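What follows is a short report on a single structure.
Bear in mind these aren't lab numbers, they're just calculated from the coordinates by the rules spelled out. Owing to the predicted nature of the structure, the values given are computational and were not obtained by experimental measurement. With ideal geometry, Cβ positions are generated from the backbone for all residues, glycine too; neighbour counts draw on all protein chains shown.
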Amino acid sequence: MRAKKYLGQHFLTDSAVLEQLQRVIAPNKQDVFVEIGPGLGALTTMILPHCQGLQAIEIDTDVLATLQYRCQHLGKLTILHQDALQVDFSTLWPDKPYYRLVGNLPYNISTPLIFQVLEAAHRIHDLHFMLQKEVTERMAAKPGSKTYGRLSVMVQYMAEVHELFDVNPTAFSPPPKVESAIVKLIPYQKKPVQAKNETHLAALVLQTFTQRRKMLRASLKAHYVEANLHKSPVDLTLRPEQLSVADFVALSDYLAAFS
Ligand code: SAM
């Protein structure tokens, strides 16, 4: 099958990488899974025989027959022929408290997909994603580093982040132009720091990182009366990349009263 570039199709063909993924995901018969972008079923056929059921969200009509055929005797597969960006992940497996999420994500939409999936973090036991290495680095980045940004703060607010291993372009057909890596997220059942208003936190992180070179005071002046900034619990001469997740939560809790 000819891979479709506009759908980010890079099919995983390296059996050593698939075995490594099987070891780290370790599916078992109690687990139910959701997979984003099953394609021709490289991950699906590896997980399906070992779990209770798998729902696979795939946009491309042309891969569905092969996917069905390869999975027909392997277990309980439901294909959702949909755009994953239109799926409300909190509604999947409604009769189960949690599901496990996996995907070798289409790299062109990986960041919006991650933000969307995070909205359903309370339903997700854990997730394993294959991503561009540059994206997994941003997810795990610490304050003060060049790659620390909106994605780092919002992912680390919601979940524990574990960078597992790197995957060479030669593991895929066709090979992508970039290095890939596997990241595991474990959403917190009880967050180490809880924002009073999560919508406000998300907006604050977006506003400040949109102007990441500016001091916080300068970017916040556009949204808040300056007099209200004086008692901020966080030093507003800092730049957003210098704030920890806990600092962002403290600042958001303080500013939410004035917005
Ligand atoms: N899981 C397969 C593998 O590892 O070989 C395929 C991975 S490929 C990188 C990404 C898959 O996501 C493709 O099958 C592609 O058709 C699918 N895809 C792309 N955009 C999508 C979207 N918006 N919603 C659902 N699936 C999508």
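Placing +1 on the Cβ of each Lys and Arg and -1 on the Cβ of each Asp and Glu in the chain, which of Leu164, Gly103, Asn197 has its Cα farthest towards the positive end of the resulting dipole?
Asn197
How high is the FRET efficiency from Asn168 to Ser259, r the C-beta distance, R0 41 Å, rounded to 0.05?
Between Asn168 and Ser259 the formula returns 0.30.
If the chain between Arg23 and Gln116 were fully stretched, how many nm would it gain, using 0.36 nm times the residue separation less the Cα-Cα distance?
Numbers: separation 93, 0.36 × 93 = 33.48 nm, distance 2.69 nm.
30.8 nm is the gain from fully extending Arg23 to Gln116.
Which shape class applies to the stretch 69-178: rounded if a/c is under 1.5, otherwise prolate when a/b exceeds b/c and oblate if not, where a ≥ b ≥ c are the square roots of the Cα gyration tensor eigenvalues? The partial results should precede the final answer.
On the way: a/c = 2.06, a/b = 1.25, b/c = 1.65.
Cα axes put the stretch 69-178 in the oblate bin.
Under the classification rounded if a/c is under 1.5, otherwise prolate if a/b is larger than b/c and oblate if not, where does the stretch 198-258 fall, given a ≥ b ≥ c as square roots of the Cα gyration tensor eigenvalues?
Note, shape of the stretch 198-258 comes out rounded.
Separation of the stretch 205-259 and the stretch 110-150 by C-alpha centroid, Å?
What the calculation gives is 22 Å, centre to centre.
What FRET efficiency would be calculated for the residue pair Ala65, Val225, taking the C-beta separation as r and a Förster radius of 45 Å, to the nearest 0.05?
0.15
Taking the Cα centre as origin and putting +1 on Lys and Arg beta-carbons and -1 on Asp and Glu beta-carbons, what dipole magnitude results for the chain, to the nearest 20 debye?
Details: 27 positive and 24 negative charges, 108 e Å.
Value, rounded to 20: 520 debye.
Between Gln86 and Lys177, what length comes free when the chain is fully extended (0.36 nm per residue of separation minus the Cα-Cα distance, one decimal in nm)? Don't skip to the end; give the middle numbers.
Details: separation 91, 0.36 × 91 = 32.76 nm, distance 2.73 nm.
This chain segment gains 30.0 nm when fully extended.
Report the calculated FRET efficiency for Lys76 and Leu206 (r = Cβ-Cβ distance, R0 = 30 Å), to the nearest 0.05. Intermediate results must be reported in sequence, preceding the final value.
Working: r = 39 Å, r/R0 = 1.31.
Efficiency, from the Cβ-Cβ distance: 0.15.
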